[in-house]
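The values are calculated or read from the model by the stated rules, or taken from the named source; none is laboratory data. As the structure is a computational prediction, the values presented were derived from the model and not from experiment. Cβ: placed from backbone, ideal geometry, glycine included. Neighbour counts: every protein chain shown.
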């Protein structure tokens, strides 16, 4: 039995889930998201403001248990995304490191001889605060995390002076410099 899969998903008042066989359509104030659940293995029920996913067979094997928890997490992330939204905050640290928005393009100055232009997807909303803080918002948690990882990979944090792009709250293992 899956510990995570057994838990019910509470649906906020402004959000709704429509079940059509194995397809789920989750809608809320931030947008809509479509998910597909394997209906040969799982059945889904909507009772009042609680959503539940259960396996069809009584005896649950290891693979079904793993997939049960995974589907439950995906549905829960989609419900949170359409009701509240997902957000990642990136911080730029370094002399002369700054970010700016130019329409659909995020312009980054990261200490290279040239500026880096990062194209923003339509589903993602990026805002720049104080030139060194980038906020990434969106409905899809996977896409928000991927965009944050792509931006972080442009200039990873180096361990000596901690220059680069990091997430807010990320721990950086610092190293000591050379000694004479």
Qualifying residue in segment 149-160 (condition: under 23 Å from residue 82 (Cα atoms) and surrounded by 14 or more Cβ atoms within 10 Å (Cβ to Cβ)): no
Filter result for residue 108 (in contact (Cβ under 8 Å) with a residue 24 or more places away in the chain, farther than 28 Å from residue 28 by Cα, in a strand (DSSP E or B) and touching a strand residue (DSSP E or B) at 6+ places or on another chain (Cβ under 8 Å)): yes
Selection within segment 35-51 - assigned to a strand (DSSP E or B) and surrounded by fewer than 15 Cβ atoms within 10 Å (Cβ to Cβ): 36, 43, 45, 47, 50
Hits in segment 84-105 (condition: free of Cβ contacts under 8 Å to residues at least 40 places away in the same chain and either part of a strand (DSSP E or B) or under 30 Å from residue 6 (Cα atoms) (or both)): 98, 99, 100, 101, 102, 105
Unmet criterion (only one of (1) modelled with pLDDT of 90 or more; (2) more than 30 Å from residue 52 (Cα to Cα); (3) surrounded by 13 or more Cβ atoms within 10 Å (Cβ to Cβ)) for residue 88: (2)
Residue within segment 92-107 that is under 28 Å from residue 35 (Cα atoms), outside the structural domain of residue 40 (by TED's automatic domain parsing) and surrounded by fewer than 17 Cβ atoms within 10 Å (Cβ to Cβ) present: yes
Test result for residue 33, modelled with pLDDT of 85 or more and within 26 Å of residue 138 (Cβ to Cβ): yes
Residue within segment 61-83 that is surrounded by 15 or more Cβ atoms within 10 Å (Cβ to Cβ) and assigned to a loop (DSSP other than H, G, I, E, B) present: no
Residue within segment 4-26 that is in contact (Cβ under 8 Å) with a residue 60 or more places away in the chain and in a helix (DSSP H, G or I) present: no
Filter result for residue 32 (farther than 11 Å from residue 75 by Cβ, touching a residue at least 24 places away in the same chain (Cβ under 8 Å) and not in a loop (DSSP other than H, G, I, E, B)): yes
The one condition in (1) surrounded by fewer than 17 Cβ atoms within 10 Å (Cβ to Cβ); (2) assigned by TED's automatic domain parsing to the domain that holds residue 28; (3) touching a helix residue (DSSP H, G or I) at 6+ places or on another chain (Cβ under 9 Å) that residue 118 fails to fulfil: (2)
Subset of segment 125-136 (residues that are touching a strand residue (DSSP E or B) at 6+ places or on another chain (Cβ under 7 Å) and surrounded by fewer than 17 Cβ atoms within 10 Å (Cβ to Cβ)): 125, 127, 129, 131, 132, 133, 135
